[in-house]
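The values are calculated or read from the model by the stated rules, or taken from the named source; none is laboratory data. What you are looking at is a predicted structure, and each value in this text was computed from that prediction instead of being measured. Neighbour counts are summed over all protein chains in view; Cβ atoms, including those assigned to glycine, are modelled from backbone coordinates with ideal geometry.
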Amino acid sequence: MTAANRSHRAAASRSRRAAAGGPRRPRPAAPRGLRVAAAAALLALCAALPAALPTAPAAAQEAAAAPAFPTLEDLLDGAVPIPPERWQALSAGRTLWYFLPDGYWGREAYMGRGPDGRGTVVFEHRDGDCLEGAWSHDAMTGLYCFDFDDGRTHCFQHVEWEGRLFALSLGGDVQEVQRIDDAPLSCGPTPMS
């Protein structure tokens, strides 16, 4: 019997056994070194996979779903200033989430008013740093000014435009309040009304 005939007969025999549900002969295993190398390559691929997948914090995902950010000119042309009574009603005991055109900026917890009538706040920057401060409204200029414990004062005009809330800085920066909730900050006390 020739080698070709033996090979053909063996294949036919395997086919008959498989069709009859009989046992199959196991295939020869790969050499141990090759199996170890393949397993190591598979583990390296699995370890690298999470780093290759895109991720985004929840706040950034919310920003992506928000409507287009208006220009400063749009806001100066059609926005309505928010009076201090309305701002107090919106913010007292709440946490406001601020976004810049390129994404999440930080959130600020409004704690209430001190004996001097100034409101107290804690601002948590997107990098986790926090500042405590006090805010007041200047009736003459319409500005809301925040004096923080780092010695700096930041003043804004709070406006409403097309049903959305914005803070316009004296330097021309535009921040949008995209969320108001009761979420506690990672630093400072929990907001209370």
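Among strands (runs of 3 or more DSSP E) lying entirely in the stretch 64-167, which contain 1 or more residues that are buried (at least 20 other Cβ atoms within 10 Å of the Cβ) and touching a Lys or Arg at 6+ places or on another chain (Cβ under 7 Å)? Show your work before the answer.
Details: elements: 95-100, 103-113, 119-125, 130-138, 143-148, 153-161.
Per the criteria, 95-100, 103-113, 119-125, 130-138.
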Item to complete: Write out, first by first residue and then by second, each pair whose Cβ atoms fall under 9 Å of each other, whose residues are 6+ apart or on separate chains, and whose first residue, in the stretch 170-192, is assigned by TED's automatic domain parsing to the domain that holds G119 and closer than 20 Å to C145 by Cβ while the second is in a loop (DSSP other than H, G, I, E, B) and at pLDDT below 90.
Response: V174/F69; V174/P70; V174/T71; E176/A66; E176/F69; E176/P70
Worksheet item: Would you call R107 assigned by TED's automatic domain parsing to the domain that holds T71 and modelled with pLDDT under 95?
Response: no
Worksheet item: Out of (1) in contact with a helix residue (DSSP H, G or I) (Cβ under 8 Å, 6 or more places away or on another chain); (2) farther than 21 Å from W161 by Cα; (3) touching a residue at least 60 places away in the same chain (Cβ under 8 Å), the odd one out for E124 is which?
Response: (1)
Practice prompt. Run C130 past the list (1) at pLDDT 55 or above; (2) closer than 30 Å to E162 by Cβ and report the number of the one that doesn't hold.
Written response: (2)
Practice prompt. Give just the number: which of (1) touching a Gly at 6+ places or on another chain (Cβ under 7 Å); (2) hydrophobic (A, V, I, L, M, F, W, C); (3) at pLDDT below 90 does A41 not satisfy?
Written response: (1)
Worksheet item: Hey, any hits in the stretch 101-120 for a residue that's within 17 Å of Y144 (Cβ to Cβ), touching a residue at least 24 places away in the same chain (Cβ under 8 Å) and of a type in the set (V, I, T)?
Response: no
